[in-house]
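Working notes, beginning with the structure itself.
The values are calculated or read from the model by the stated rules, or taken from the named source; none is laboratory data. The structure presented is a predicted model; accordingly, all values stated were derived computationally and were not measured. FYI the Cβ positions are ideal-geometry reconstructions off the backbone, even for glycines, and counts take in every protein chain you see. Note: areas computed on protein heavy atoms with side chains; ligands, DNA, RNA excluded. Shrake-Rupley method; radii C 1.70, N 1.55, O 1.52, S 1.80 Å.
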Amino acid sequence: MPPAVSVIMNCLNGARYLRPALESLFAQTFEDVELIFWDNASTDESHDIVQDFSARFPDKIRCFRGADTVSLGTARNLALACARGRYLAFLDCDDLWRPQKLAEQVALFETGSRVGLVCTDTEIFDGSRVLKRLFAETRPARGMVFSELMERQWISMSSAMLRREALQGLTDEGKTDFFDESLNVCEEADVFYRIAYDWELDFVDRPLTRWRMHGANSTFRKFGQFADETLRILNKHCRIYPGYAVEHADLVALLTRRAAFQKAVSLWREGRNRHARVTIAPWKNASLKHRLFWWASFLPGACFDIAARAYFAMPAALRR
């Protein structure tokens, strides 16, 4: 019989934190699971580590290894094609789960047939101390909450569990479209948004997921990519959802403004200060955040790291 839950783990040279991630998976109180481990042509000890676990849990692990390194979205799709569970969870190889995580999510799915995605609160930690909790930064919502999710994304990848039917219903121009392989930094959010458009969301209000921040994390440096991909997601929504631009005019304005801010930050970091101000000019007075950035853009781009850390230290409401 297929397992209740397939856990997707994509790995590219993740040996450093892989062992504790796997230990947290196999410490789950919910045991009807399989692990789909997709090795994205790693050159470190990742393969040897997962083989050690395969010897310990021979009926739980299905290990695959790509011949070539591909994008993360592509690798996720390849792993999903091998999954058999009616629910699909994701565990990045540097993150951790608390033992009750899967059990509490499955319980919510079993009581709500229209629930397409369940997440948990997430602790962001640096290996030794908790830096923040995601739900404390961004308030989650239940039910048909597409607009709310677009306004304030509260789902971390390693906290998400999807109903198989919800994922399989994602199409673009009649073709199955799980993780968009043309996206590199927003492919996860794109999936969450499209599920939320047609399905209810729910959440476990406990920090059962731990998201590790470390030197290899560089999200805050990718403002330019976020800008481009935010607009591509917006264009996709307008294409696949009839009447979207009218029905969700507020979201169109929000995402356009958000992308302009992200692009302006990227230009400032590159030392193109004047271009940054031209990009943000239409929204200069839209919020305190935009006004602060306008004045910061007169400083050298070398100040970016200091400003970025100050930005991410702000309350989430002010950042939005």
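Hey, among the residues in segment 43-67 that are of a type in the set (A, V, I, L, M, F, W, C) and assigned to a helix (DSSP H, G or I), which one's most open to solvent (accessible area, probe 1.4 Å)?
Within segment 43-67, the match that is most open to solvent (accessible area, probe 1.4 Å) is 55.
Which residue, of 179, 146, 192, is in contact (Cβ under 8 Å) with a residue 24 or more places away in the chain, within 13 Å of the chain's Cα centre (by Cα) and over 24 Å from residue 98 (Cα atoms)?
179
If you go through segment 254-275 one residue at a time, do you hit one that is open to solvent by less than 80 Å² (accessible area, probe 1.4 Å) and acidic (Asp, Glu)?
Taking every residue of segment 254-275 in turn, none turns out to be open to solvent by less than 80 Å² (accessible area, probe 1.4 Å) and acidic (Asp, Glu).
Test of understanding: among 117, 72, 96, 131, which residue is buried (at least 16 other Cβ atoms within 10 Å of the Cβ), modelled with pLDDT under 95 and not basic (Lys, Arg)?
From the options 117, 72, 96, 131, the qualifying one is 72.
Which of (1) more than 30 Å from residue 197 (Cα to Cα); (2) open to solvent by less than 60 Å² (accessible area, probe 1.4 Å); (3) of a type outside the set (Val, Ile, Thr); (4) at pLDDT below 90 is the odd one out, the single condition residue 288 does not satisfy?
The single condition residue 288 does not satisfy is (2).
Within segment 256-269, does at least one residue satisfy the condition of being aromatic (Phe, Trp, Tyr) and without any contact (Cβ under 8 Å) to a residue 40 or more places away in the chain?
yes
Quick one: in segment 1-35, which of the residues that are small (Gly, Ala, Ser) and crowded, with 20+ Cβ neighbours inside 10 Å is nearest to residue 214 (Cα to Cα)?
Only one residue tops the list, namely 14.
Provide a single number: the residues in segment 12-59 that are more than 24 Å from residue 72 (Cα to Cα) and of a type in the set (A, V, I, L, M).
The number of residues fulfilling the criteria is 2.
Quick grid of which residues meet (1) under 30 Å from residue 102 (Cβ atoms); (2) of a type outside the set (A, V, I, L, M):
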{"position": "198", "(1), (2)": "yes, yes"}
{"position": "242", "(1), (2)": "no, yes"}
{"position": "249", "(1), (2)": "no, no"}
{"position": "252", "(1), (2)": "no, no"}
{"position": "261", "(1), (2)": "no, yes"}
{"position": "268", "(1), (2)": "no, yes"}
{"position": "275", "(1), (2)": "no, yes"}
{"position": "284", "(1), (2)": "no, yes"}
{"position": "289", "(1), (2)": "no, yes"}
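Within segment 28-68, can you find the residues that are more than 22 Å from residue 103 (Cα to Cα) and among the polar types (S, T, N, Q)?
Listed by number, the residues that qualify are 40, 42, 43, 46, 51, 54.
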